[in-house]
Amino acid sequence: MKFKSFITFTLPAFATCCLLIFTPSHAQEASPPHDVHNDDMINITAIDYAFEAPDEIPSGWTAIEYTNNGQEPHMLLFHRLPNDKTFEDFTSEVYPQVNDLWLGVRDEGLSLPEARQKFELPEWFNAAKQWRGGGGIIAPGFTSIITLNLEPGTYAMECYVKTVDGELHAMEGMIRELKVTNHRSDTKPPEANIRITLTNNKMSIDGDLTPGKHTIAVHHAEGLMHNVNVVRLEPESSIHKVVDWMDWLNISGLWPPAPASFHGGMHILQQGETGYFTVDLDPGRYLFVSEATGSLGVLKEVTVK
Ligand SMILES: [Cu+2]
């Protein structure tokens, strides 16, 4: 299914990240551990270019097995839409503006300041608390378990990585409606052994990143639009190039080839919220980096010994 008339957009997240301040929501405490491999596990699979996913899921804490079965890196971002808006409103009123902005950069040579100045989203979208987490960028063949606390409502999920031809994946079909019902899941948040705290100029990581599997809690503690992506660095990898590549408004941003391998993460949460993801680390050098705010210092280089 293609939505040729619109575009994706988290981008707006980046374009407006310095302007938006979220209202803090109540902090969420981690509850007793649980086996995430249970009957309540939701499966969302990314392919080139679509999400294979249920049409509706229960509300409350939800564990999602997020797998990339495609040939290109993908991400998974959840937007919760205002109660009086539909998925069609999102694809007809928000996406076209995002795509136009990107095409302005790609085809008309707009500079970043020009693009951002030109970029306007509908008032209703800017006013909503729309970003509700999801999975970071993940390479083909990788899986991560994402655990989020989702309130009932209509959601859009999307990926705005670009194709080799420079089209946003969402425009090629990676945008999909998801209903979160009033029925509450019995799932509890997992017990994390690593905790990441995101503030406007820093990423703090508490815990021992040893080789093997980890469950990582990500807490969004301060205003801007932070997320976490786990990037495996090779000896020749440049941190500067990785951070640059993650800015979708850069002409080469999120446009393959990627400068390093992405192993998942946690997409943009609301301030005050916590989400969880799993990652399996081999010995080596990694960069934990926020897409829109990595350039402000929200990143951390880690060596797994
Ligand atoms: Cu994608």
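What the table below lists for this structure:
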read-out	value
Euclidean distance between Cα centres, the range 123-186 to the range 213-243, Å	18 Å
Residues of type lysines that K241 reaches as a straight line, Cα spacing below 23 Å, ignoring anything fewer than 8 places off in the same chain	K162, K202, K300
Solvent accessible area, Å² - I57, 1.4 Å probe, full protein context	10 Å²
Mean separation of Cα contacts under 8 Å, 6 or more apart, over the residue count of the range 63-211: relative contact order %	31 percent
Paramagnetic label zone (point 7 Å from Cα along Cα-to-C-beta, E56; backbone N under 12 Å) in the range 143-159	153-154
Fraction of accessible area attributable to carbon and sulfur, the range 109-252 (%, probe 1.4 Å)	47 percent
FRET efficiency, 1/(1 + (r/R0)^6) with R0 35 Å, evaluated for E108 and N201 via beta carbons	0.60
Qualifying lysines (Cα of each under 18 Å from Cα of K118; at least 8 residues distant if same chain)	none
The range 11-304: relative contact order in percent, alpha carbon pairs under 8 Å with at least 6 residues between	25 percent
Accessible-area ranking of S111, S144, largest first, probe 1.4 Å	S111, S144
Solvent exposure of the chain as accessible area per residue, Å², 1.4 Å probe	40 Å²
Estimated Rh, the chain: Kirkwood, alpha-carbon pairs, angstrom	19.0 Å
Among 100-107, 260-267, 116-123, the order from most to least packed when residues are scored by Cβ within 10 Å on average	260-267, 100-107, 116-123
The chain, helix-only ellipticity at 222 nm - DSSP H runs n ≥ 4, -39,500 (n - 2.57), divided by all residues, nearest 500	-3500 deg cm²/dmol
Accessible area, probe 1.4 Å, largest first, for residues L77, L112	L112, L77
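The values are calculated or read from the model by the stated rules, or taken from the named source; none is laboratory data. Small disclaimer: the values here were computed from a predicted structure and weren't measured. Positions of Cβ are backbone-derived with ideal geometry, glycine not excepted, and every protein chain shown enters the neighbour counts. Side chains are part of the model used for accessible areas, which takes the heavy atoms of the whole protein and leaves out ligands, DNA and RNA. Shrake-Rupley method; radii C 1.70, N 1.55, O 1.52, S 1.80 Å.
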